Amino acid sequence: MADNEVRQPTQAELMAQMAELQAEVRKLAELSTQNNASKQEDNSKGPTQGGVDLLGVNPPKERLTLDNPFSEKITNYQMPKHFTLPSSLEPYKGIGDLRAHIKKFQFMMFINRPNNEPVLCRAFPTYLDGAALLWFLKLPAGSISSFEELAISFIDYFVGARIYVHGSDFLSTIRQGPQESLKEYMTRFTEATMEIQDLNPAVHLHGLKAGLRPGKFRETIAVTKPKMLEEFRERAAGQMEIEELHEANRTERKPRREKDKIPRSANNKELGKPFKLTLKFDNYTRFNTRREKIIKEILNAKIIKPPIRAGSYQYQRFVDKNKHCPFHQKYGYTTDECVIARDLLERLA
């Protein structure tokens, strides 16, 4: 399988092929010049027998410049050893965001380490195709001495090719959804701003604030009135941390699924099955103090009220009086075994 793969030519090989092509074009041009000169001599002697010499008529020519557009310094630069071109960048064909193409190219070259002017200039044509490649081939010989000159010439030629999907008015249509977190809203808003050219920071900030859903954070922004995007982002970062904390708490204390619960209804009595409470939380907090002591302190401090039937339960025979629940004031089980007391302490934790 490896023998059948087509080897990609290196930058040095591509430049060598271009030089050979340029030499062939020069030879053809010289032969064409000699041929035209000989034909002009023949025409000066008069028309050939049989009428007009149709071969002496020169058709209109379209000159396609294949000369090297780079300066001597760039042309003679020795490319780094083991240098490879990035393969993840699509060639620019003359349509789309040309500035984004230049930035991506510079970033990819920066990752591959060589980031000097000659390397950038000589590698850039590799990522051109179609109309963009024809533009490069028609550049005058020796007209480019830096990558900045190449980029400016490229932008000036294709300045009308960039297509912007939205204008700044589009931001007024972006609204935070009822269940959308602030982080999700700001991410969606930022993606929209990347499609707008030269967006005014004041318009950016106004759109962000206007799209917030009614709530405490929007009220905070209305009171503090941030005037800079950075100030807004700082306050938004704090709000996002609060939202993430609340979401984590909801996940940890999420009740069991409904199908795992045993409904308290008349059906249980009809079936003759005793009703049994189930724990509402999957995980319970481990206290340093016994739950029995905590319940007593809460009742003494009157933070909660005891159950209505507390202390009035009927006496039951064969009940283990070594176990007592201070919350219900009832024998037979401890506070740790009392489902209601445990759920109560977990809600207060």
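List of remarks:
- Residues in the range 157-173 that are at pLDDT 80 or above and within 22 Å of Ala192 (Cβ to Cβ): Asp169, Phe170, Leu171, Ser172, Thr173.
- Selected residue (only one of Ala301, Ala349, Ala341 is assigned by TED's automatic domain parsing to the domain that holds Phe281, among the hydrophobic types (A, V, I, L, M, F, W, C), surrounded by 10 or more Cβ atoms within 10 Å (Cβ to Cβ) and modelled with pLDDT under 75): Ala349
- Residue within the range 91-99 that is free of Cβ contacts under 8 Å to residues at least 24 places away in the same chain, exposed (fewer than 15 other Cβ atoms within 10 Å of the Cβ) and not hydroxyl-bearing (Ser, Thr, Tyr) present: no
- Subset tally (residues that are under 20 Å from the mean Cα position of the chain (by Cα) and in a helix (DSSP H, G or I)) for the range 191-228: 5
- Screening His101 with (1) out of contact with any strand residue (DSSP E or B) (no Cβ under 6 Å at 6 or more places or on another chain); (2) at pLDDT 85 or above gives one miss only, at (1).
- Cβ-Cβ contacts under 7 Å between residues 6 or more apart (or on different chains), taken from a first residue in the range 185-206 that is at negative phi to a second residue that is aromatic (Phe, Trp, Tyr), are listed as Ala192/Phe170; Glu195/Tyr164; Ile196/Tyr164; Gln197/Tyr164; Leu205/Phe232.
The values are calculated or read from the model by the stated rules, or taken from the named source; none is laboratory data. Computed from a predicted model, the values in this text were never measured in an experiment. Counting neighbours? That spans all protein chains shown, and the Cβs are built from the backbone with ideal geometry, glycine included.
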